[in-house]
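Below: the structure, in structure tokens.
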Amino acid sequence: MMPSDERRSSASEPIRFNRPSLMGRELALVAEAMDGGWTAAAGPFSRRAEAALSDAHDGATVLLTTSCTAALELAAATLDLGPGDVVAVPSFTFPTTASAFARNGAALRFIDVDPDTLGMDPVHLADQIDERVKAVVPVHYAGRAASIEAVCDAASTVGATVIEDNAHGLFGTHNGRPLGTTGAMSTLSFHETKNFICGEGGALVINRPADVDRAEILLHKGTDRRRFDRGQVDKYTWQLTGSSFGLSDVLAAYLTGQLEARDEILGRRSALWHRYRDALSTVADRLGITLPVVPEGDTSAWHMFHLLIDGEHRRNRVLARLHADGIGATFHYQPLHSSPAGRRLADRTAHCPVTDRVADQLLRLPFHNRLAPAQADRVLDSLTRALEEV
Ligand SMILES: Cc1ncc(COP(=O)(O)O)c(C=O)c1O
């Protein structure tokens, strides 16, 4: 089925920031799930999607969840983080990277981001970390790796567990390793804004076998249902205070269709990213913008295309021009350390000047699997004109 953005890309049609698209056999697989009669969590399609994701993570155990937020909450519960513990998170991230840990009583410590990676700054982390910090949660922003080895080194000085929030980075690599395989755990998002989608969905990737049993019990409503399904016990009983974190098999079937289209999706996103980047790199200095860089040898997951425009006022005026041209460009995260909840939940006042600056200057261009080259060129024309004029 050809989605509308590719069918009609007339010069006046608005260009949306995001558009979820069918990329392969999603609907046929959903029908197969319904015919098969297993629509709840942990069914045959969940096993298939989990196996594909496990292969992409060097054989780690993968548990599908209802969202990346749920996966982060499951990680927090698996590690039994709560009152008295501190969790270090970047200030430049989505609120649930932090709230997943705060909701069970852990305090937050906000860490600034590195201006190149826009992921957690390992130098600021090393400066801020102490024995109270039990977990550290770096984000691979836009699907480009954070300085994950240096973050892990800083975390290891106090024995803190690293959980990679890899909502953006499925299939990205860093120094030859898949993103999400360096920390003890990582989390994925299949929300409709991500590269691989099923409406709402996520996964917890568990790299330490010792954590698997507890995570499975917590996911299955606190019961040892999975042991029962495998024939390891003759009845299942209540073991822990868990919750209902598992993804419906109907959505797992949809996700399976998306994962089957992995090469097509990554190829399209990489082509779009490079189209934007190549066009803008020749004019970046003249127009006062900074473009994202993917280091030699790394592979981005090509989740989004962002640029920094010097000055918040100028960024906002450029955004307004793009909107007037029908182009759905947008800003991104607002600093968590100075947000109302962030101030309440942090264990100390944080200074995150890079986060403050990036939040003011960042602009994201329309980016999705079916954005046509002609539409990307319209975005570039409009952006270049706006940058020349404001
Ligand atoms: C870095 C990051 N972590 C977590 C999330 C939450 O993902 P979900 O919507 O799947 O809960 C997002 C959402 O965009 C995100 O950007």
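Each reported figure results from applying straightforward, stated rules to the coordinates on display, with no laboratory input. Worth saying up front: this structure is predicted, and the values here are computed from it rather than measured. Every residue, glycine as well, gets a Cβ built from its backbone with ideal geometry; the counts of neighbours run over all protein chains shown.
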_Shape call, region 129-184: gyration tensor on alpha carbons, a/c limit 1.5_ = prolate
*Counting other Cβ atoms within 10 Å, which chymotrypsin sites (Phe, Trp or Tyr not before Pro) in region 1-109 have at most 13 and lie in a DSSP loop?*
none
*Mean residue ellipticity (222 nm) of the chain, computed from DSSP H runs ≥ 4 via -39,500 (n - 2.57), nearest 500*: -11500 deg cm²/dmol
*Could you state the principal axis extents of the C-alpha atoms in region 279-390, from the largest down, to the nearest angstrom?*
49, 36, 27
*What are the extents of the Cα atoms of region 167-235 along their three principal axes, listed from largest to smallest and rounded to whole Å?*
43, 29, 16
*Compactness ratio of region 247-297: Cα Rg over 2.2 N^0.38 Å, N = residue count?*
1.73
*Does region 211-295 come out rounded, prolate or oblate by the C-alpha gyration tensor, with a ≥ b ≥ c the root eigenvalues, rounded set by a/c under 1.5 and, if not, prolate when a/b is larger than b/c and oblate if not?*
prolate
*asked:* For region 146-170 and region 23-65, what is the centre-to-centre distance using only Cα atoms, to the nearest Å?
replied: 28 Å
_Could you derive backbone 3J(HN,Hα) for region 311-326 from the dihedral phi with the Karplus parameters 6.51, -1.76 and 1.60 (θ = phi - 60°), listing whole Hz in sequence and x where the residue is Gly or Pro?_
x, 4, 4, 5, 4, 5, 5, 5, 4, 4, 5, 4, 5, 5, 8, x
*Across the Cα atoms of the chain, what radius of gyration and what greatest pairwise Cα-Cα distance (Dmax) are found, in Å?*
21.2, 72
_Under the Karplus curve 6.51 cos²θ - 1.76 cosθ + 1.60, θ = phi - 60°, whole-Hz ³J(HN,Hα) for region 91-99, x wherever Gly or Pro sits_ = 6, 8, 7, 6, x, 6, 4, 8, 5
*Please state, rounded to one decimal and in Å, the Kirkwood hydrodynamic radius that region 87-177 gives when every pair of distinct Cα atoms enters the mean of 1/r.*
12.9 Å
*Taking only C-alpha pairs under 8 Å that are 6+ residues apart, what is the relative contact order of region 26-260 in percent?*
27 percent
*Reachable lysines, given that their alpha-carbon falls under 26 Å from the alpha-carbon of residue 194 and they are not under 8 places away in the same chain*: none
_When a/c reaches 1.5 or more, the comparison of a/b and b/c decides; with that in mind, is region 296-338 rounded, prolate or oblate per its Cα gyration tensor?_
oblate
_residue 27/residue 389 FRET efficiency (R0 51 Å; Cβ-Cβ; nearest 0.05)_ = 0.70
*Starting from the Cα of residue 263, step 7 Å along the direction of its Cβ; do the same at residue 381; then give the gap between the two resulting points in nm.*
3.5 nm
*Are there trypsin sites (Lys or Arg not before Pro) in region 187-289 that DSSP puts in a loop and that have at most 13 other Cβ atoms within 10 Å, and which ones?*
230, 235
*Tell me, what ³J(HN,Hα) does each residue in region 107-115 have, in order and in whole Hz, if you take phi through Karplus 6.51 cos²θ - 1.76 cosθ + 1.60 with θ = phi - 60° and put x for Gly and Pro?*
8, 9, 10, 8, 10, 6, 9, 7, x
*In debye, nearest 20: dipole of region 230-313 around its Cα centre with unit charges on the Cβ of K, R (+) and D, E (-)?*
220 debye
*Compute the distribution of all C-alpha to C-alpha distances in region 129-248, in bins of 5 Å from 0, and list the percent of pairs in each, rounded to whole numbers.*
2, 11, 16, 18, 17, 15, 11, 6, 2, 0
*Which lysines, on any chain, are close to residue 221 with Cα under 20 Å apart, when same-chain ones fewer than 8 places away are left out?*
235
